Amino acid sequence: MDEDLTPEHDSPDELMFVWACGFELAIGVVGLIVASIVGFDARAYLPRIEDVQPLAILKDIGIGIVASVPMLIVVYALLQIPHRSIDAIKRLSDAPTMKAILSFSYPELIVLSICAGIGEELAFRGCLLPWFTAIDDPSASIINPYDVGDGFAVALPSLLIAAIIFSSVAFGLLHPITKLYVVIASLMGVYFAMLLIVTESLLIPIVAHAAFDAIQFVIAKNSDEEEKDDDDSHTD
């Protein structure tokens, strides 16, 4: 049979890319649904389309990109520490799933990072954090002045701290790669939560999250390709 007439099928890499992006966005959809059921909008700290101001959006994007830098520095410094738990994280690129992800093209890795930033931040900082900050005392002995969409400055400090811890630990548990990785992801969750609380813009942690993931993916892919080139040069 003529090969030109053979129907084309999506490659495993293409299917993996679609699945990975879909999974990340689905996390955000779950956050939107849960928030809707509870009675608020997980997009409360995102600008509405009719109120979009391009300069303000660009400013938030810029702040988000800059906000990713401290995380990159901390993670880089952490990876220099000689410890078996750190070594386990360094070997993550050898895992089959990560190998498959690193086979994506650079634009695909950036798109996946954006999907992760949107999906995970909608769920954890858009839904869980404000939801638990707005919880009312069942006994009505303490009046909570905060409603979702308000400035976090009016929230009860005890509830806000508890909401940060809960949403951040839940975020860490979404990344059960190693025990240390869960701890690192939880601390990143605290950082993303503080970005939202200080700026009251969910776009900033979304961009910071996406930028961090994208840069980490690019670094890992470059390292992986260099190793392959070294292996090829040794076999020649």
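Details
- Looking at the chain, the accessible area is 58 square angstrom per residue; that uses a 1.4 Å probe and ignores ligands, DNA and RNA.
- Taking Cα atoms only, the orientation of helix 106-121 departs from the longest principal axis of the chain by about 20 degrees.
- Of all the options 126, 64, 22, the one that moves most in a Gaussian network model of the chain with Cα springs shorter than 10 angstrom is 22.
- Comparing mean-square fluctuations of 171, 40, 212 from a GNM of the chain with C-alpha springs under 10 Å, the top value falls on 40.
- The angle separating the long axis of helix 157-173 from the principal Cα axis of greatest extent in the chain is about 20 degrees.
- Accessible area of residue 115 in the full protein assembly, 1.4 Å probe (Å², nearest 10): 20 Å²
- Taking label positions 7 Å along the Cα-Cβ direction at both residue 84 and residue 98, the computed distance is 1.8 nm, reported to one decimal.
- The chain - mean residue ellipticity at 222 nm from DSSP helices (-39,500 (n - 2.57) per run, n ≥ 4, rounded to 500): -22500 deg cm²/dmol
- Max mean-square fluctuation residue, GNM over the chain, Cα-Cα springs under 10 Å, options 148, 29, 74: 74
- For the chain: lysine pairs under 19 Å (alpha-carbon distance), excluding those fewer than 8 apart on one chain: 6
- Extent along the principal axes, Cα only, for the stretch 40-139: 47, 43, 26 Å, with the longest axis given first.
- Accessible-area ranking of 177, 164, largest first, probe 1.4 Å: 177, 164
- Here the gap between residue 158 and residue 15, fully extended at 0.36 nm per residue and compared with their Cα-Cα distance, gives a gain of 47.0 nm.
- Carbon plus sulfur fraction of accessible area for the stretch 99-139, probe 1.4 Å, in percent: 77 percent
The values are calculated or read from the model by the stated rules, or taken from the named source; none is laboratory data. Just so it is clear, the structure is predicted and the values come from calculations on it, not from any experiment. Positions of Cβ are backbone-derived with ideal geometry, glycine not excepted, and every protein chain shown enters the neighbour counts. Just the protein is used for accessible areas: all its heavy atoms, side chains included, with ligands, DNA and RNA removed. Shrake-Rupley method; radii C 1.70, N 1.55, O 1.52, S 1.80 Å.
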